[in-house]
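Quick notes on the structure that follows.
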Amino acid sequence: MNFSGFYQRIAGSKLSHWLETAPAQLSAWQRFHRHGQFPKWEKVLAKLPGRPPALRELRDAVRIGGAEELSPGDSKKLNNLLRCLHPWRKGPFDLYGIHIDTEWRSDWKWDRLKPHIAPLKHRTVLDVGCGSGYHMWRMLGEEAELVIGIDPSDLFLAQFEAVKKLYGGHPDIHLLPLGIQDLPKLHAFDTVFSMGVLYHRRSPIDHLIQLQDQLQHGGELILETLVIDGDENQVLVPSDRYGKMNNVWYIPSSKALMLWLRKCGFVNVRLVDEAMTSTDEQRRTEWMTNESLADYLDPQDPTRTVEGYPAPKRAIIIANKASSTG
């Protein structure tokens, strides 16, 4: 795994000061923190075809290569290689006619938020907790100038690199195996996405401030997270697990979350979408055979989790970092 392309891309840009910390962090990851399965995943990546495909579609889907571009034998080989990177959680991807039906219909979330965000054309974008990078490709499809994702999961990095290699490479999209806490205060991104992250953070206020520190003045934050019903003071703190997840700390109401954002200094805070998560949007598939949403809900009352908490509802809130003039 080589991050030299990332270093070259940000050199001389408004992100160039990131070079003071990123190389040492990524070098440490390579030496000490890589997942034990990563060498196996690297072998999978090495076997993937790397020639540029004839078909590349990112605006309405993530579709790379047509089925007719591979022989039946090569198509079967590619299918088997991609299955070595199971489980695939965020997508879907269509790769040389192979439909990776991921656990999440991430395209549905994109369709819900896209009409409400500032156009991404010519923007420098950060996707925090980006998973395998599905939304990053959609951002690139909206003509973002540079898209950088961070996610500490090594499997997600391997999945992203698989898609990127099949695409034929691209200088303007990069995923780094880092968490938001690893980033310096860059104050450089036009748009920052944080989707499905906040409820995993022990200190949600610190997370909001960390996101703010990545934005340039006037930049836009797109925050998507679990919420509950209630007023500005309503927050759920699970006593143990929530939906079988043991790393859920705080689930606020949308009104409480908007208050938190304003308290952190964000302006123009608005709720643009709020919806229950359905078992059509998050479910088990042949590309993700582990437990999924249906297993997390009370079989006698699907409006509750197995622990008795309200079933997952997700909100999208957009806000801006205050301009330098206030």
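The values are calculated or read from the model by the stated rules, or taken from the named source; none is laboratory data. What you see is a predicted model; the values in this text were computed from it and never measured. FYI the Cβ positions are ideal-geometry reconstructions off the backbone, even for glycines, and counts take in every protein chain you see. Surface areas here come from the heavy atoms of the whole protein model, side chains and all, with no ligands, DNA or RNA. Shrake-Rupley method; radii C 1.70, N 1.55, O 1.52, S 1.80 Å.
If I ask for residues that are modelled with pLDDT of 95 or more, surrounded by 14 or more Cβ atoms within 10 Å (Cβ to Cβ) and under 29 Å from residue 189 (Cβ atoms), which ones from the range 20-56 would you list?
21, 22, 23, 25, 26, 41, 45, 56
Might you let me know whether the range 231-251 holds any residue that is within 23 Å of residue 321 (Cβ to Cβ), of a type in the set (D, E, K, R) and out of contact with any Leu (no Cβ under 6 Å at 6 or more places or on another chain)?
There is no residue in the range 231-251 that is within 23 Å of residue 321 (Cβ to Cβ), of a type in the set (D, E, K, R) and out of contact with any Leu (no Cβ under 6 Å at 6 or more places or on another chain).
I need every pair where a residue in the range 289-301 that is under 12 Å from residue 244 (Cβ atoms) and among the aromatic types (Phe, Trp, Tyr) has its Cβ under 8 Å from the Cβ of a residue that is open to solvent by less than 50 Å² (accessible area, probe 1.4 Å) and outside any loop (DSSP other than H, G, I, E, B), sequence separation at least 6 or different chains.
Pairs found: 296/305.
Can you name every residue in the range 155-171 that is open to solvent by less than 10 Å² (accessible area, probe 1.4 Å) and touching a Pro at 6+ places or on another chain (Cβ under 8 Å)?
Across the range 155-171, the qualifying residues are 157, 166.
Can you tell me which residues in the range 260-284 are in contact with a Ser or Thr (Cβ under 7 Å, 6 or more places away or on another chain) and part of a strand (DSSP E or B)?
Passing the criteria: 271, 274, 282.
Is it fair to say residue 92 is closer than 24 Å to residue 284 by Cβ, at pLDDT 95 or above and in contact with a Ser or Thr (Cβ under 6 Å, 6 or more places away or on another chain)?
Yes; evaluated as a whole, the condition is true for this residue.
Could you list, in sequence order, all residues of the range 1-19 that are open to solvent by less than 70 Å² (accessible area, probe 1.4 Å) and charged (D, E, K, R)?
Across the range 1-19, the qualifying residue is only 9.
Buried (at least 16 other Cβ atoms within 10 Å of the Cβ) and hydroxyl-bearing (Ser, Thr, Tyr): is that true of residue 285 in this structure?
Spelling it out, residue 285 is indeed buried (at least 16 other Cβ atoms within 10 Å of the Cβ) and hydroxyl-bearing (Ser, Thr, Tyr).
Where residues in the range 180-202 are among the small types (Gly, Ala, Ser) and open to solvent by less than 10 Å² (accessible area, probe 1.4 Å), which of them is nearest to the chain's Cα centre (by Cα)?
194
Determine whether residue 97 is open to solvent by 20 Å² or more (accessible area, probe 1.4 Å) and at positive phi.
Yes.
Under 6 Å by Cβ, and 6 or more places apart or on different chains, what pairs join a residue from the range 62-89 that is β-branched (Val, Ile, Thr) with one that is open to solvent by less than 50 Å² (accessible area, probe 1.4 Å)?
That search, which allows pairs on different chains as well, returns 62/93; 62/137; 64/53; 64/95; 64/166; 64/167.
Between residues in the range 266-281 that are over 14 Å from residue 106 (Cα atoms) and residues that are among the charged types (D, E, K, R), which pairs lie under 6 Å by C-beta distance while being six or more apart or on different chains?
Correct list of pairs: 269/262; 273/112; 276/313.
Hey, among the residues in the range 109-154 that are part of a loop (DSSP other than H, G, I, E, B) and of a type in the set (A, V, I, L, M), which one's surrounded by the fewest Cβ atoms within 10 Å (Cβ to Cβ)?
118
One residue is enough: does the range 71-88 have a residue meeting the conditions at pLDDT below 95, part of a helix (DSSP H, G or I), open to solvent by less than 10 Å² (accessible area, probe 1.4 Å) and not charged (D, E, K, R)?
No, the range 71-88 contains no residue that is at pLDDT below 95, part of a helix (DSSP H, G or I), open to solvent by less than 10 Å² (accessible area, probe 1.4 Å) and not charged (D, E, K, R).
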